[in-house]
Amino acid sequence: MSSEYRRKKPQIKRPNVDRSQGFGGQYEAEPTPAPKPTESEKKTNPEAKAPEETKTTETPPTEKPQAGSTASAPAAEPQVTAPTPQPPQKPVADKPAPQAARSASTKRPRRQTDSKEPKPMKKVALTAYPKEDHRAALEAVQSDAVSIMDMVKLAGRRALAQFEPKAEFKAAPDVERMGSTHRYTTTKQVSQPVLEKLHESMNPLGLKSDNEMLRGQFEPLFWSELDSIIEDVKKRKMK
């Protein structure tokens, strides 16, 4: 062999290994062109030929889409939808701020009420009779529309409305009265202390009723109202 062939060092290569990336590299090494054969190699091995130079493949330029073509159409711009209108909200009225609690110094002093307990009351029956002197006047003014008992009841209601029992006893007048068919009967709440004083002064044995203790105060009012009613009915009858 010639001296040129001895001077060339053999190159040992491993497939898919790039020595420039160090041991264990994962990058593919670019192919290095094989050395051209020397003159001596051509003589000994005439079939050896120079490796063909690698042809770089050029990528054909991409054609621009023509107008009207459907391929690679530009993306349409997203449409912005308008927000749905919401009904107008009613303004919320501001709630009144809670009043601050008054301090103990600013509180008004309470009025001193009467600490006495209410007086106990008792339901008392009251009766009243028209006088015999009223008979003629009542019969004279009575009619189908206004009877004697209608006038008696009206007089009793008016007398009851203004009657205020008193602790001072008053005896019933000794007069002749009409019968029980024309009697007026009602009830009234009377203070028990008033009744006790009346009984202590005029009923020490406890034989008389509460009605008898109050009859001398109530019956004169009844007679007075009955007189005014008779006069009023007489005037209406004369018209």
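Note on exposure: LYS122, LYS235, LYS131 ranked by accessible area (1.4 Å probe, complete protein assembly) read LYS235, LYS122, LYS131, with the most exposed listed first. Other residues lying with their Cβ under 12 Å from the Cβ of SER147 contribute a combined charge of -2, Lys and Arg counting +1, Asp and Glu -1.
Entry comment: accessible area of segment 138-181 is 66 Å² per residue, from protein heavy atoms only and a probe of 1.4 Å. Estimated from the Cβ-Cβ distance and a Förster radius of 22 angstrom, the FRET efficiency linking PHE163 and SER201 is about 0.65.
For GLU164, the accessible surface of its heavy atoms amounts to roughly 130 Å² (probe 1.4 Å, protein chains only, rounded to the nearest 10). With the dipole of segment 189-239 worked out from charges on the C-beta (+1 for Lys and Arg, -1 for Asp and Glu) around the Cα centre, which of GLN217, LEU198, VAL233 lies farthest toward the positive end? It is VAL233.
By how many nm would the segment from ALA171 to GLN189 grow when fully extended, if each residue of separation counts as 0.36 nm and the alpha-carbon distance is taken off?
Working: separation 18, 0.36 × 18 = 6.48 nm, distance 2.05 nm.
Taking 0.36 nm per residue and subtracting the Cα distance, the gain is 4.4 nm.
A crude spin-label estimate for the pair GLU132 and LYS119, with each label 7 Å from Cα along the Cβ direction, gives 3.8 nm.
Net charge of the neighbourhood of LEU138, taken over other residues with C-beta under 14 Å away and scored Lys/Arg +1, Asp/Glu -1, is -1.
Once the piece of chain linking ARG236 and SER180 is laid out straight, how much longer is it, given 0.36 nm per residue of separation minus the C-alpha distance between them? All intermediate terms of the calculation are to be shown ahead of the outcome.
Details: separation 56, 0.36 × 56 = 20.16 nm, distance 2.81 nm.
Here the segment from ARG236 to SER180 would lengthen by 17.4 nm.
The values are calculated or read from the model by the stated rules, or taken from the named source; none is laboratory data. All values reported here derive from a predicted model rather than from experimental measurement. Ideal geometry is used to build each Cβ from the backbone, glycine not excepted, and the neighbour counts take in all protein chains shown. Ligands, DNA and RNA are stripped out before the accessible areas are found, and what is left, the full protein with its side chains, is counted by its heavy atoms. Shrake-Rupley method; radii C 1.70, N 1.55, O 1.52, S 1.80 Å.
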